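Quick note: the coordinates plus some simple rules give every number you see, no bench work behind them. Please read all numbers here as calculations on a predicted model, not as lab measurements. When we count neighbours, we look across all protein chains shown, and the Cβ atoms used for this are built from the backbone with ideal geometry, even at glycine.
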Amino acid sequence: MSQTPPPRPRTRLYLITPPQIPDAADFSKKLESAVAAGDIASLQLRLKGADGRVDEASTRAVSRAVTGLAQEAGIAVLINDSPELVRELGADGVHLGWDDMDIKSARKLLGPDAIIGATAKNSYHKAMQAGEDGADYVAFGAFYPTSTKDSTVPAEPELLEVWQAAMLIPCVAIGGITAANAAPLVRAGADFIAVSAGVWAHEEGPAAAVRAFNSLFDELA
């Protein structure tokens, strides 16, 4: 007799910083208001210089301003592209892009308890390989046009459905997502919805965006 599979956990919000943050203290205040507004699973520090590489100085400044606040609220702090900065700054893990350090090397550097996420774009094969190599989650997208990140490729919600049907590793949906267009991705099986401009550039402020996302997640849970 077949058993009904357990219900999928409620989707959660995965925040990503803007690519440039000129005032870390001001951003900390915005994050504080966002944290107070509702559930947030994680915060990825993704600070980029003009060359597209990690802005290490800005990452250090923002990390000093927000890591304690986030971790005290139970929010995992991840750093984009740089396992070395994760160790230096006491973050919880790293998100590795398509062409960054391989997952096994990052795991060796950071140890078994660090969170390691991996970009899979629209590639099921790449995501499976990341899972086999020890990633804790994979990120698919871009699902919608985005101005936050260059060199994206389009992904379809069906990719999330296929992943959820076959794999246990959580998946993140990313790319141009707002509270107004996230519902199809939640229904398709995104464990996490990754958002940058959809929160920080929200016309009513970050707190309103966080409330809107959590209301949607509750509705569709």
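Odds and ends about this structure:
- Shape category assigned to region 36-161 from the gyration tensor of Cα positions, a/c cut at 1.5: rounded
- Anisotropy class of region 1-79 from Cα gyration tensor, a/c 1.5 cut: prolate
- Descending principal axes extents, region 142-183, alpha-carbon based, whole Å: 31, 24, 15
- FRET efficiency for Ser105 and Ala221, using Cβ-Cβ distance with R0 set to 45 Å, rounded to 0.05: 0.75
- Zone of Gln20's modelled label, taken as backbone nitrogen in region 51-79 under 19 Å from a point 7 Å along Cα→Cβ: 51-63
- Extreme residue, positive dipole direction of region 1-94, given options Leu47, Thr59, Leu13 (C-beta unit charges): Leu13
- Of all DSSP beta bridges in the chain, antiparallel share, percent nearest 5: 5
- Estimated from the Cβ-Cβ distance and a Förster radius of 35 angstrom, the FRET efficiency linking Ala57 and Trp98 is about 0.90.
- 23 Å Cα-Cα reach of Lys108 towards lysines, excluding residues that sit fewer than 8 places from it in its own chain: Lys126
- Cα shape, region 5-44, gyration tensor, a/c 1.5 rule: oblate
- Charge dipole (debye, nearest 20) of region 64-221; +1 at Cβ of Lys and Arg, -1 at Cβ of Asp and Glu: 100
- Total charge dipole magnitude, region 22-130, about the Cα centre, Cβ charges on Lys, Arg, Asp, Glu only, Debye to nearest 20: 240
- Rounded Å value of the spacing that divides the Cα centres of region 161-221 and region 119-135: 20
- Amide H contacts under 5 Å for Arg12: Phe192, Ile193, restricted to partners 5 or more places along the chain or on a different chain, H placed in the peptide plane at 1.01 Å from N.
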